[in-house]
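Heads up: the structure comes next, in structure tokens.
The values are calculated or read from the model by the stated rules, or taken from the named source; none is laboratory data. This is a predicted model, so every value here is computed, not measured. So basically every Cβ, Gly included, is an ideal-geometry build from the backbone, and we count neighbours across all protein chains shown.
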Amino acid sequence: MRFMAIVKASKDYEAGVPPKPELMAAMGKLAQEEQKLGIFEMGGGLLPSAQGHKVRMTGGRISVIDGPFTETKELVAGYWIWQVRSMEEAVEWLKRCPNPMPGESELEIRPFFEPEDFGENLTPELRQREERLREQISGKRSA
């Protein structure tokens, strides 16, 4: 099963305070261990919301809102994507992560949709297209 661990933003993060070298080293060490075990697919950090935009779609209207955004607790600062056996295993890996923010941090784990989650709505044609797309993406990652 694939899971995304989501690191929520903090006021320091939104202010542009960079992570300490010790934190970056600890995160890198854990990612190397996860890569060796074959569970780490990808991960990364995002720049503060001041450098982002929101696109809101309502009916046929589209509007673009420039950052920064005020609801820090709702913002994503970074993520990891893991391939593990269960939610419980994903939680155990997350518990091993160093605290990504000074002070208190909030992290969230959510599973990805899998083809079987769509039931009969995923027609054979759509399933083939999905499989081809995954193969293309996997090929690009390993290249």
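Just one residue in the set 122, 75 is assigned by TED's automatic domain parsing to the domain that holds residue 137 and over 17 Å from residue 1 (Cα atoms); that residue is 122.
Pairs meeting the criteria (first residue in segment 85-101 and in the same structural domain as residue 17 (by TED's automatic domain parsing) and surrounded by 11 or more Cβ atoms within 10 Å (Cβ to Cβ), second residue among the small types (Gly, Ala, Ser) and at pLDDT 95 or above, beta carbons under 9 Å, at least 6 apart or on different chains) are 90/5; 93/5; 94/5; 97/5.
For segment 40-51, indicate whether the set of residues that are assigned to a helix (DSSP H, G or I), over 15 Å from residue 79 (Cα atoms) and without any contact (Cβ under 8 Å) to a residue 12 or more places away in the chain is non-empty. No.
Counting only residues that are in contact with a strand residue (DSSP E or B) (Cβ under 8 Å, 6 or more places away or on another chain), surrounded by fewer than 10 Cβ atoms within 10 Å (Cβ to Cβ) and within 24 Å of residue 10 (Cα to Cα), segment 57-71 holds 1 of them. Return the residues of segment 23-38 that are aliphatic (A, V, I, L, M) and either touching a Ser or Thr at 6+ places or on another chain (Cβ under 7 Å) or surrounded by 13 or more Cβ atoms within 10 Å (Cβ to Cβ) (or both); say none if nothing qualifies. Those that are aliphatic (A, V, I, L, M) and either touching a Ser or Thr at 6+ places or on another chain (Cβ under 7 Å) or surrounded by 13 or more Cβ atoms within 10 Å (Cβ to Cβ) (or both): 23, 24, 26, 27, 30, 31.
State whether the residues of segment 114-125 include one that is within 19 Å of the chain's Cα centre (by Cα) and at pLDDT 80 or above. Yes; the residues of segment 114-125 include at least one that is within 19 Å of the chain's Cα centre (by Cα) and at pLDDT 80 or above.
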